[in-house]
1. Step by step: first the residues of segment 191-221, then only those that are out of contact with any Pro (no Cβ under 8 Å at 6 or more places or on another chain) and among the acidic types (Asp, Glu), then the one that is nearest to the ligand (Cβ to nearest atom). Which residue is that?
2. How many residues does segment 105-127 hold that are assigned to a loop (DSSP other than H, G, I, E, B) and either at positive phi or touching a Lys or Arg at 6+ places or on another chain (Cβ under 9 Å) (or both)?
3. Considering only residues that are under 27 Å from Pro326 (Cα atoms), among the acidic types (Asp, Glu) and assigned to a helix (DSSP H, G or I), which ones fall in segment 64-99?
4. Could you say whether any residue in segment 45-59 is part of a helix (DSSP H, G or I), surrounded by 20 or more Cβ atoms within 10 Å (Cβ to Cβ), touching a residue at least 60 places away in the same chain (Cβ under 8 Å) and of a type outside the set (S, T, N, Q)?
5. Could you tell me whether any residue of segment 222-229 is within 16 Å of the ligand (Cβ to nearest atom) and modelled with pLDDT under 95?
6. Can you tell me which residue is least open to solvent (accessible area, probe 1.4 Å) among those in segment 302-316 that are away from the ligand (no atom under 16 Å from the Cβ) and either among the aromatic types (Phe, Trp, Tyr) or part of a helix (DSSP H, G or I) (or both)?
7. Tell me, please, whether a residue that is buried (at least 17 other Cβ atoms within 10 Å of the Cβ) and within 16 Å of the ligand (Cβ to nearest atom) can be found in segment 92-107.
8. Would you point out which residue out of Ala286, Ala353, Ala343 is surrounded by 23 or more Cβ atoms within 10 Å (Cβ to Cβ), of a type in the set (Gly, Ala, Ser) and within 16 Å of the ligand (Cβ to nearest atom)?
Amino acid sequence: MGCCQYFDASAEGGADSFTVEMPRVTFGRGTRHEAGPRARDRGIRRAALFTDPMLADSAFVADVRASLRAAGVDVAVFAEVRIEPSDRSVVEAIAFLDDGDFDGVVSVGGGSVMDTAKAAMVYAHHPAEFTTYFAAPAGDGVAIPGPVLPHIACPTTSGTGSEMTGLAVIRLVDLGTKFVLASRFILPDEAIIDPAAIETLPSEVVAASGFDLLSHALETYTARAYTRWPKTAAPSARPMIQGANPWSDLSAREALRLAGRYLERGVRDAGDREAHDNLSWAASLAGMAFGNCGTHLPHAFSYAVTHLVRDFRMAHYPSAESPFVPHGVSVIVNAPSVYRFTAAAAPERHLEAAGFLGADLRDATPDDAGEIVAGHIVRMMRATHIPNGLGGVGFTADDADALAASALRQRRAIGNAPCAVSADDAAQIFASAMRYW
Ligand SMILES: [Fe+2]
């Protein structure tokens, strides 16, 4: 069933090929100690190690540093990464790279750390006005012209998947919103995923990052098929946000199964190693999936949520500069309403995805698809104490038009939805996302 949509006669005239981009992947407990030998084997002699102020003194970062030093790799640490990085915060990281005579980068942290490292390398090596390499309407849409430094990415959360993608999400301060920088040149060369990193995370972080990974996989599986995007003129112009394809299906499917089985367990029990190992692997699988497909409405809409949030603070969430909605929360509070809207365009895909997550599909018909997906997500949100929709993070129905106007600037992600979305549709989806229970 999964591949049929790619060979549908109605897609004639669309793209007829897709590209898969992947770093070398090393997964397992203890692999943080491989950072040094792997950097040395790539010819790195002096590495810039990116991390954030909360992790800088952690045992995990100390282990990575020790591994690099033992392998003869000189290390300088940049620990000033801000949560939700912006064009302004990345400037400090660019200056750090400019001054350091580095021949490689090691990033140790969550999405903010890895994305800061990616963006800083771009502008350190290919200087330009900051918006140059962002797609319209945020920027000029100029392709990043060439390679940057070798990059070894070591994630410390189980959600972002940034270690697997040629994407970096950066807030452009003048526009107030996050936008995506995309290029195969910012795909890390290596991903070292050590699940021991997430053992020390508070349950709120495991929950938020778990819903981020779940949504990466679910958006990928229900995205517009690549064959329904236009053909690209040149192979090098094929975007990374290319639509759903057999490769992204493969990893999204397994990420959904693992998220369905382990997300609640991982949130509930800080000592559940089996759950945390599987969530780490699921996050990287989901990264493989959306890094070669692109997300769609829940992520596009999440950027409007973080843009327009007023005074919400997530209880027990560390490192939050207020106001702040954790990324995974900003995504999932929109998701049930989105799938109620998109399911009619691809009901079999929505039903399959719900089944992978563990929903009961007995007697389900295509007309039930949106409600089944939405109902299952809502059940998981309630079980893990996620805020109750947009109302739970401080919005009211009066905000729906402004949220829609902000979200619609994310053109490529909006275009990656399985159906067209008008401004009225977007406002209606936001209005219906205010409260789920
Ligand atoms: Fe995400």
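1. That would be Asp212.
2. Here is the first cut: in segment 105-127, the residues assigned to a loop (DSSP other than H, G, I, E, B) are 110, 126-127.
Next cut, either at positive phi or touching a Lys or Arg at 6+ places or on another chain (Cβ under 9 Å) (or both) only: none.
Matching residues across segment 105-127 total 0.
3. Asp87, Glu92
4. Initial filter on segment 45-59 (part of a helix (DSSP H, G or I)): 59.
From the residues that got through so far, the ones that are surrounded by 20 or more Cβ atoms within 10 Å (Cβ to Cβ) too are none.
The answer is no, given that none of the residues of segment 45-59 is part of a helix (DSSP H, G or I), surrounded by 20 or more Cβ atoms within 10 Å (Cβ to Cβ), touching a residue at least 60 places away in the same chain (Cβ under 8 Å) and of a type outside the set (S, T, N, Q).
5. We begin by selecting, within segment 222-229, every residue within 16 Å of the ligand (Cβ to nearest atom); these are 222-223.
Among the residues that remain, those that are also modelled with pLDDT under 95 are: none.
No; the residues of segment 222-229 include none that is within 16 Å of the ligand (Cβ to nearest atom) and modelled with pLDDT under 95.
6. Selected residue: Phe312.
7. Of all residues in segment 92-107, those buried (at least 17 other Cβ atoms within 10 Å of the Cβ) come to 93-94, 96-97, 102-107.
Among the residues that remain, those that are also within 16 Å of the ligand (Cβ to nearest atom) are: none.
No, the conditions are met nowhere in segment 92-107.
8. Values: Ala353 fails: within 16 Å of the ligand (Cβ to nearest atom); Ala343 fails: within 16 Å of the ligand (Cβ to nearest atom).
Exactly one residue qualifies, and that residue is Ala286.
The values are calculated or read from the model by the stated rules, or taken from the named source; none is laboratory data. Not measured: the values here are computed from a predicted model. Note: ideal-geometry Cβ built from the backbone for every residue, glycine included; neighbour counts use all protein chains shown. We work out accessible area using only protein heavy atoms, side chains counted, and drop any ligands, DNA or RNA first. Shrake-Rupley method; radii C 1.70, N 1.55, O 1.52, S 1.80 Å.
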